[in-house]
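To keep things clear, I will list the structure first and then write my remarks on it.
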Amino acid sequence: MSHKVITRFAPSPTGHLHLGSARTALFNWLYAKCNSGKFLLRIEDTDKKRSSQELIDSIINAMSWLKISYDEEMILQSKNISRHVEIANQLILNDKAYYCYCSEEEISQEKEEFSKKGLYYKHNCIWKNKNPPSNNLTRVIRLKSPTDGITSFNDKVYGNITVNNTQLDDMILLRSDNTPTYLLSVVVDDHDMNITHIIRGTDHLTNTARQLLIYNALEWNPPKFAHIPLIHDENGNKLSKRQQAIGIHEYKNLGILPDAIFNYLLRMGWSHKNDEIITVDQAIRWFSIEGIGQSPARLDNKKLEFLNNHYINITEDKVILNMIIPIIEEKIGYTINDVKKGYLLKGLNELKKRTKSLLNLANDSLFYVEDIPISIDQESSAIIKDYKHIFSILYDDLSKIPENEWNNSVLTSTIKNISQNLNIKISTIYHCLRASIIGRMNAPSIIGIMINFEQKECLQRIKYVQNIK
C-alpha cells in the first residue's frame with residue numbers, strides 16, 4: 001500500500017448529493033489536502049435500475065459548486081465488475097469462500113425459525129464443506145467467515161472497535177446472476193485504488209467489520225478507518241427520510257452561498273478551538289481527524305443563516321449583484337436596465353447587512369429595480385390612503401431642492417420643515433416617503449434610499465402615488 005495519503009468519496013448515483021454525503025466528501029478531501037495526498041472519486045453505479053447519468057452529473061456539479069475537486073479520473077464501479085468476479089473466484093480457489101446452493105425459500109424459512117426463537121440469525125450453509133450437488137442448482141459465492149474469535153480495528157475517531165465473529169455471517173460475495181455485492185466491490189476497488197484512509201459515517205461500522213474479513217481472506221492490508229457521527233435534527237433526533245434527502249442543489253436554489261455551506265458542513269462534528277468562521281485555506285491547514293467529535297452533529301438553520309449572512313457581506317457588491325439579478329428578473333418578468341442596476345448597486349451594501357440568503361436579498365431589493373407602478377404592501381397602501389393630502393406637498397417641496405443639493409443634510413432639513421409646517425409628526429412624513437418611494441416600511445434608511453435613487457426617480461414615484469384615485 002502507498003505511504004502517500006489517498007482518500008476517496010464513493011457515492012451511489014441513486015439520489016442527489018445531500019448534507020451527510022457532502023460532509024463525508026469534504027472531510028475526505030480535507031484530510032487528503034492537509035496531508036499533501038490525493039482525493040479520488042468513485043461512483044458506485046452498480047444499481048443500474050436506480051442509477052442515472054443525470055444524478056452522476058448532479059453529484060459532480062454539487063461537489064464543484066462546493067469547490068471539492070477530485071484528483072485523477074473519476075472511476076465508475078460498474079467498469080470493474082469483471083475484476084470483482086475474478087477476486088470472488090480467487091477466494092474459491094484459495095478455500096476462503098464456497099458455493100452456497102441454498103434456495104431463497106430455505107433461507108427465508110430458516111430466518112423465520114430463528115426469529116420465532118428470538119435468536120440472532122446467522123446462515124449455517126449445509127454446502128460449506130460439501131461437494132457441489134450433481135444437479136444444476138442456482139448458487140451464490142459466500143465468504144468462509146470465522147466461527148469464533150473477534151474482529152477488531154482501531155478507529156481514528158472512536159478508538160478500538162471489537163465485533164464478536166459470531167455476529168458476522170458468511171456474507172454473499174457473488175450473487176446467483178454473477179454480480180458482485182457491495183461488500184466485495186468496495187474492498188476490491190479500495191485496494192486497487194491504493195486507498196489509505198476511509199472517512200465515513202458510523203452507519204458503516206458493521207460494514208467495516210465485515211469488509212475486514214474479506215481483507216483478511218485476501219491477505220491484503222486494509223486502509224485506516226475513521227467513522228464520523230451521523231447528523232441529527234435540531235432536537236437531537238435522527239433525520240427523517242425527507243431531511244436526509246435534501247440535496248445540496250436545494251440549498252443553492254434557496255440562495256445559500258457555497259462558502260457558507262462549506263463552513264457549515266466543516267463545523268458539523270469537527271472543531272478548531274472556538275473558531276466559527278473558517279476559510280478554505282484555514283480548513284486545509286487546521287483539519288485533523290483528532291478534531292472530530294464522537295457526538296452526533298445537529299442541524300442548525302440559525303447558524304447556517306448567520307454564516308450565509310457573513311459570506312454575503314464579505315463578497316463584493318458587484319458579485320452579489322450579478323447573483324441576484326437573474327432571481328429578481330425571474331420574479332418581475334422583465335429585464336432590468338442599467339440605470340436600475342445602478343440604483344441597486346448603490347443600496348446593496350446596506351441591504352446585505354440584514355439578509356439571510358440571496359433569495360431574501362433579491363426580495364428586499366425589488367423596490368430599487370421595479371418600474372412604476374411599484375408593488376406596495378398593505379401597510380403602505382393604508383398610509384397612502386390616510387395621508388393622501390400630504391403627497392402633493394412632498395412633491396412640491398422636494399422638487400424645489402437643486403439637483404446638486406440632493407443630499408442627507410438638505411433632505412433631512414426639508415422633511416423637518418414639512419413636518420413643522422403641517423404640524424404632523426416627522427415619523428409620519430417618513431412613513432409617507434417609505435410608502436410612496438419603496439412601498440414598504442421594513443427597509444434601510446429612507447434618506448439613504450432617496451439619495452441612491454436621486455431626485456428624478458423619487459419625484460416620479462411620489463407623483464404616481466399622488467395621482468392614485
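Coordinate-derived values only; no laboratory data. Values in this document were obtained by computation on a predicted structure and should not be read as measured data. Counting neighbours? That spans all protein chains shown, and the Cβs are built from the backbone with ideal geometry, glycine included.
Annotations for the structure displayed:
- Extension gain from Glu86 to Ser115, taking 0.36 nm per residue of separation minus the Cα-Cα distance: 6.9 nm
- Cβ crowding within 10 Å averaged over residues, with 213-220, 59-66 ranked highest first: 59-66, 213-220
- Pairs over the 18 Å Cα-Cα cut-off, from the set Lys241/Lys356; Lys303/Lys353; Lys318/Lys346; Lys156/Lys303: Lys241/Lys356; Lys156/Lys303.
- Cβ crowding within 10 Å averaged over residues, with 349-360, 260-271, 415-426 ranked highest first: 260-271, 349-360, 415-426
- Principal axis dimensions, largest first and in whole angstrom, of segment 315-369 by Cα: 26, 19, 18
- Calculated P(r) tail over 18 Å for segment 4-148, as whole % of Cα pairs: 70
- Å³ per residue enclosed by the Cα convex hull of the chain: 210
- Contact order relative to length of segment 78-228, as percent, for alpha carbon pairs under 8 angstrom and 6 or more apart: 25
- The phi-based Karplus calculation (6.51 cos²θ - 1.76 cosθ + 1.60; θ = phi - 60°) puts the 3J(HN,Hα) values of segment 437-450 at 8, 10, x, 7, 8, 8, 6, x, 3, 5, 4, x, 5, 4 Hz, whole numbers, x for Gly and Pro.
- Unit Cα scatterers, Debye sum, segment 78-228: log10 I(q)/I(0) for q = 0.13 Å⁻¹: -0.64
- Calculated mean residue ellipticity, 222 nm, the chain: -14500 deg cm²/dmol, from DSSP H runs (n ≥ 4) at -39500 (n - 2.57) each, averaged per residue and rounded to 500.
- Projected label distance in nm at Asp386 and Lys48, using a 7 Å step from Cα toward the beta-carbon: 7.1
- Förster radius 51 Å - calculated FRET efficiency between Asn94 and Cys34 (Cβ-Cβ, nearest 0.05): 0.85
- Bridging of Lys4 to aspartates and glutamates at a Cα separation below 14 Å is possible for Asp71, once same-chain residues fewer than 8 apart are set aside.
- Listed from fewest to most Cβ neighbours within 10 Å, the set Asp57, Asp45 follows the order Asp57, Asp45.
- Unsatisfied cross-links (Cα-Cα over 23 Å) in the set Lys111/Lys144; Lys122/Lys144; Lys144/Lys238; Lys388/Lys456: Lys144/Lys238
- Counting charges near Ala297 (Lys, Arg +1; Asp, Glu -1) among other residues having Cβ under 13 Å from its Cβ returns a value of +2.
- Each of Lys388, Lys48, Lys144 was scored by other Cβ atoms within 10 Å of its Cβ. Listed from fewest to most, they are Lys48, Lys388, Lys144.
- Neighbour net charge for Ser64 - beta-carbon separation under 15 angstrom, K R +1, D E -1: -1
- Cut-off 12 Å between beta-carbons: net charge of the residues surrounding Asn94, Lys and Arg +1, Asp and Glu -1: 0
- Charged-residue dipole, Cβ positions (Lys, Arg, Asp, Glu), segment 315-369 about Cα centre, Debye nearest 20: 180
- Span from the segment 62-120 Cα centroid across to the segment 233-299 one, whole angstrom: 31
- Ranked by how many other Cβ atoms sit within 10 Å of their own Cβ, fewest first, the residues Phe114, Phe27 fall in the order Phe114, Phe27.
- Counting only Cα atoms, the size of segment 378-466 along its three principal axes is 34, 26, 21 Å, in decreasing order.
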